[in-house]
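Colleague: The structure follows.
The values are calculated or read from the model by the stated rules, or taken from the named source; none is laboratory data. Since the structure is predicted, the reported quantities are computational estimates derived from the model, not experimental observations. Virtual Cβ from ideal backbone geometry, glycine too; neighbours counted across all protein chains shown.
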Amino acid sequence: MIKITTSNLNDLAYVHYDFLCKKFDFSIEKRLKISLSKYQKEILPIYKKYYLLLQYIDKNLEEIIIGTPLTLEKHRIRLTKLSEDFELTKQEKKKTKEQKEILKDLNYIFNYETFASKGFRKKATKKHEDYFYSGNVLVGKINIQVCPYCNRNTIYSFKSGTKRTSELDHFYPQKKYPFFALSFYNLIPSCKVCNKIKLDNDDKEYINPYDTRFDFNKNMKFGLQIENSSFYYSENGFKFKYKFDAKISTDENQRIENNLNIFELKDLYDNHKDIILELIQKAEIYNESYIDELMQKYEGTLFKNREDLLRLVTCGYVSDEDLHKRPLSKLIKDISEELNLI
C-alpha cells in the first residue's frame, strides 16, 4: 500500500464540493432540502428518526463531503448511531417498507450511480461555462498511475473520457454508509481487483491512503530473509520479510497488518520474487564504482541526475513521492535500499 500524496488534494476536495453541492441545478444541497421538507411532517417514529439524521447531515454537509479521514471517522460514529434503526445492510427482502424508502431516499440524495457512470452536466449559458463532473474526472484530477492499495495494478483513464481501468472504492462501504457515497476522502481510486477483494469489509480498522496520520511508506518496509546460498540465482534461496518501524504505534501496526491481510498482499507479492532476484543480481553488477562510471559517461545526455540512472537500473522510482507512478515501486525501492543498490 502507498499513500495518495497529490500536492493539491485540498483544492481538489473544494472543487469536488463546489460541483456536487453548488453548481448543478439538482445538487446534493437541493436534494437534501427536498427530503427535509418531505419528512419534517411525518408522524411515524422511524420517519422522525430519519428526519433527525437528515438534520445532522444538513448541518454537517460540508464536512461529510470533504472532511479529512479523521473527520469522517468522527461523523461515522454519530451517523451510525442515528441510522441504526434503518438496518441499512439488512437484506432487501427483509427490510420493512419504511426502511426501503429511507435507503432509496439516501441514495437519491447522494447519487453515486450517476456520478460513477455518466456524470453530472449543466449546459453553458451566458453566465457560466459548460459544467461536467464525474468519477472519471475525479480520478484524472487525483492523477495517480497505480492502485494505492496494492501498488501493483495500473490506473488509467482512457482519452475517450468514458472508460478507465480503475474503480472508486468506498473506504467506508456504500452499503453501510450511503451518506459517505460521495465523500471526497472516502473515494479511493483503486484497481478492480482490490475493490472486489475489499468489497464491503468493515469489520476492522484499515488505513485510508489519504490519511496523513499514518505513513505506510515509512513505517512498513519489505525486506529479505536469506534461506540458503542459492539466493543469488534461485527464488528458493530467500523469503520476504515485512519490517515495522520500532517507533510505530500499536494502532498503526495493527491497521497495516489489517491492510496486508484484507488485500492478500503477502500472497500477491510472493508472486513477484523474480523481480527481487533480479535486484539481488543487479546489486552485484551495479556497484558504487560502476554507477559512478556511468554517471561520468552519460550524465547530461542519457541521465539528468543519479536518480534517473538508479530508476533505469532498478526499474522503479526511488523517491517516496513518486511511488504512485509505477507498479511495484515500493517493493523495488525497499529491497534496493536493503541491498545498497540505491
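Colleague: Any residue at all in segment 322-336 that is touching a residue at least 60 places away in the same chain (Cβ under 8 Å), more than 22 Å from Gly223 (Cβ to Cβ), of a type in the set (D, E, K, R) and out of contact with any Leu (no Cβ under 8 Å at 6 or more places or on another chain)?
Modeller: yes
Colleague: While we're looking at this one, here's another question. Starting from residues that are of a type in the set (D, E, K, R) and either under 23 Å from Glu98 (Cβ atoms) or more than 32 Å from the chain's Cα centre (by Cα) (or both), keep the ones in segment 39-60 and report whichever is surrounded by the most Cβ atoms within 10 Å (Cβ to Cβ). Give the steps one after another, and end with the answer.
Modeller: Initially, segment 39-60 is screened for residues of a type in the set (D, E, K, R), giving 41-42, 48-49, 58-59.
Applying the additional criterion that residues be either under 23 Å from Glu98 (Cβ atoms) or more than 32 Å from the chain's Cα centre (by Cα) (or both) yields 41-42, 48-49, 58.
Numbers: Lys41: 8, Glu42: 13, Lys48: 12, Lys49: 17, Asp58: 14.
Per the stated criteria, the residue is Lys49.
Colleague: So which of Lys23, Lys30 is without any contact (Cβ under 8 Å) to a residue 12 or more places away in the chain, in the same structural domain as Leu103 (by TED's automatic domain parsing) and surrounded by 13 or more Cβ atoms within 10 Å (Cβ to Cβ)?
Modeller: Lys30
Colleague: Next up: Checking the structure you have, find out if any residue of segment 19-28 is more than 30 Å from Lys123 (Cβ to Cβ) and under 27 Å from the mean Cα position of the chain (by Cα).
Modeller: So in segment 19-28, the residues more than 30 Å from Lys123 (Cβ to Cβ) come out as none.
Scanning segment 19-28 turns up no residue that is more than 30 Å from Lys123 (Cβ to Cβ) and under 27 Å from the mean Cα position of the chain (by Cα).
Colleague: With respect to the numbered conditions (1) surrounded by fewer than 23 Cβ atoms within 10 Å (Cβ to Cβ); (2) in contact (Cβ under 8 Å) with a residue 40 or more places away in the chain, which one is the sole condition not fulfilled by Leu182?
Modeller: Leu182 satisfies all of (1) surrounded by fewer than 23 Cβ atoms within 10 Å (Cβ to Cβ); (2) in contact (Cβ under 8 Å) with a residue 40 or more places away in the chain except (1).
Colleague: Considering only residues that are surrounded by 15 or more Cβ atoms within 10 Å (Cβ to Cβ) and either aliphatic (A, V, I, L, M) or part of a loop (DSSP other than H, G, I, E, B) (or both), which ones fall in segment 225-256?
Modeller: Ile248, Ile256 - these are the residues of segment 225-256 that are surrounded by 15 or more Cβ atoms within 10 Å (Cβ to Cβ) and either aliphatic (A, V, I, L, M) or part of a loop (DSSP other than H, G, I, E, B) (or both).
Colleague: Then there's this: Here are Leu277, Leu312, Leu268: which of them is in contact (Cβ under 8 Å) with a residue 60 or more places away in the chain and part of a helix (DSSP H, G or I)?
Modeller: The unique qualifying residue is Leu268.
Colleague: Moving to a separate point now. Of the residues Glu321, Glu278, Glu299, which is over 24 Å from the mean Cα position of the chain (by Cα), closer than 26 Å to Tyr149 by Cβ and not polar (S, T, N, Q)?
Modeller: Glu278
Colleague: Can you say whether Leu106 is in contact (Cβ under 8 Å) with a residue 60 or more places away in the chain and either assigned to a helix (DSSP H, G or I) or in contact with a strand residue (DSSP E or B) (Cβ under 6 Å, 6 or more places away or on another chain) (or both), as far as the supplied structure shows?
Modeller: yes
Colleague: Additional query: Might you let me know whether segment 298-307 holds any residue that is of a type outside the set (Phe, Trp, Tyr) and in a helix (DSSP H, G or I)?
Modeller: yes
Colleague: Taking Tyr133 as the residue in question, decide whether it is surrounded by 14 or more Cβ atoms within 10 Å (Cβ to Cβ), in contact with a helix residue (DSSP H, G or I) (Cβ under 7 Å, 6 or more places away or on another chain) and either assigned by TED's automatic domain parsing to the domain that holds Asn259 or over 22 Å from Cys194 (Cα atoms) (or both). Can you show your working first?
Modeller: On the way: surrounded by 14 or more Cβ atoms within 10 Å (Cβ to Cβ): yes; in contact with a helix residue (DSSP H, G or I) (Cβ under 7 Å, 6 or more places away or on another chain): yes; either assigned by TED's automatic domain parsing to the domain that holds Asn259 or over 22 Å from Cys194 (Cα atoms) (or both): yes.
The answer is yes for Tyr133.
Colleague: Shifting gears a bit: Could you go through segment 236-253 and let me know if any residue there is touching a residue at least 60 places away in the same chain (Cβ under 8 Å) and either over 30 Å from Phe86 (Cβ atoms) or in the same structural domain as Ile66 (by TED's automatic domain parsing) (or both).
Modeller: Checking segment 236-253: not a single residue is touching a residue at least 60 places away in the same chain (Cβ under 8 Å) and either over 30 Å from Phe86 (Cβ atoms) or in the same structural domain as Ile66 (by TED's automatic domain parsing) (or both).
Colleague: Among what's in segment 154-171 and is part of a loop (DSSP other than H, G, I, E, B) and hydrophobic (A, V, I, L, M, F, W, C), pick the residue that is modelled with the highest pLDDT.
Modeller: Phe171
Colleague: Can Leu70 be described as in contact (Cβ under 8 Å) with a residue 40 or more places away in the chain, of a type in the set (A, V, I, L, M) and exposed (fewer than 15 other Cβ atoms within 10 Å of the Cβ)? Write out each step before concluding.
Modeller: On the way: in contact (Cβ under 8 Å) with a residue 40 or more places away in the chain: yes; of a type in the set (A, V, I, L, M): yes; exposed (fewer than 15 other Cβ atoms within 10 Å of the Cβ): yes.
Here the answer is yes, as Leu70 does meet what is asked.
Colleague: May I pose another question? Please pick out the residue among Glu84, Glu63 that is under 19 Å from Tyr172 (Cβ atoms), loosely packed, with under 13 Cβ neighbours inside 10 Å and of a type outside the set (Ser, Thr, Tyr).
Modeller: Step by step, each of Glu84, Glu63 is checked, and only Glu84 is under 19 Å from Tyr172 (Cβ atoms), loosely packed, with under 13 Cβ neighbours inside 10 Å and of a type outside the set (Ser, Thr, Tyr).
Colleague: Please pick out the residue among Tyr317, Tyr290 that is over 14 Å from Phe222 (Cα atoms), hydroxyl-bearing (Ser, Thr, Tyr) and either assigned to a helix (DSSP H, G or I) or outside the structural domain of Ser234 (by TED's automatic domain parsing) (or both).
Modeller: Tyr290
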